[in-house]
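Peer 1: My questions will all concern the structure given below.
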Amino acid sequence: MNPSLPRRVFLLSLAATGAAIATSAQAQAMVDEKDPQAVALGYVSEAKRADVKKYAKYAAGQNCTGCALYQGKAADKAGACPLFAGKQVAGAGWCSAYAKKA
Ligand code: SF4
């Protein structure tokens, strides 16, 4: 038996696991409020910090979990939003594209 084969298999498994972890970490990256897209949309990770002078449409009680674009579950602390591809928004967050869930 070739003794290097199990080692190669192990190293390939390790590489695959590392790639999976890296992909997972990327998927879980949170939107930074300073990202240009976040700034453009007035995104804040806590809805209560929404700039009400700039975004009069904000009303107390609105947040990402109640937004039609939020892809997480209502109880999730964070979830995906199509406006921020590859990142997650805070469930308690808010942005000016908020659209109440039907
Ligand atoms: S579009 Fe909706 S889910 Fe996405 S960041 Fe804005 S309020 Fe949150």
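Peer 1: For the residues 46, 33, what sequence is obtained by ranking on other C-beta atoms within 10 Å, fewest first?
Peer 2: Values: 46 12, 33 16.
Fewest to most other Cβ atoms nearby, the residues stand as 46, 33.
Peer 1: So if I take the alpha carbon set of segment 29-90, get Rg, then get Rh from the Kirkwood formula, what is the Rg over Rh ratio?
Peer 2: Details: Rg = 11.1 Å, Rh = 11.9 Å.
Computed over Cα atoms, the ratio is 0.93.
Peer 1: Step through the residues of segment 46-57 one at a time and calculate ³J(HN,Hα) from phi using the Karplus curve (6.51 cos²θ - 1.76 cosθ + 1.60, θ = phi - 60°), rounding each to whole Hz and writing x for Gly and Pro.
Peer 2: Once rounded to whole Hz, the list reads 10, 3, 5, 9, 4, 7, 5, 6, 7, 10, 5, 5.
Peer 1: Moving to a separate point now. Hey, can you grab everything whose amide H is under 5 Å from the amide H of residue 88? Only 5+ residues off in sequence or another chain; H modelled, so Pro and N-termini drop out.
Peer 2: Under 5 Å from the amide H of residue 88: 29, 30, 31.
Peer 1: Taking residue 87 as the anchor, which aspartates and glutamates have their alpha carbon closer than 20 Å to its alpha carbon, excluding any fewer than eight residues away along the same chain?
Peer 2: The reachable aspartates and glutamates, counting only those whose Cα sits under 20 Å from residue 87, are 32, 33, 35, 46, 76.
Peer 1: At a Cα cut-off below 22 Å, give the lysines reachable from residue 57, other chains included and same-chain residues fewer than 8 away excluded.
Peer 2: 34, 48, 100, 101
Here, each number is a calculation from the coordinates, and none is a lab measurement. Since we're looking at a predicted model, the values are computed, not measured. Virtual Cβ from ideal backbone geometry, glycine too; neighbours counted across all protein chains shown.
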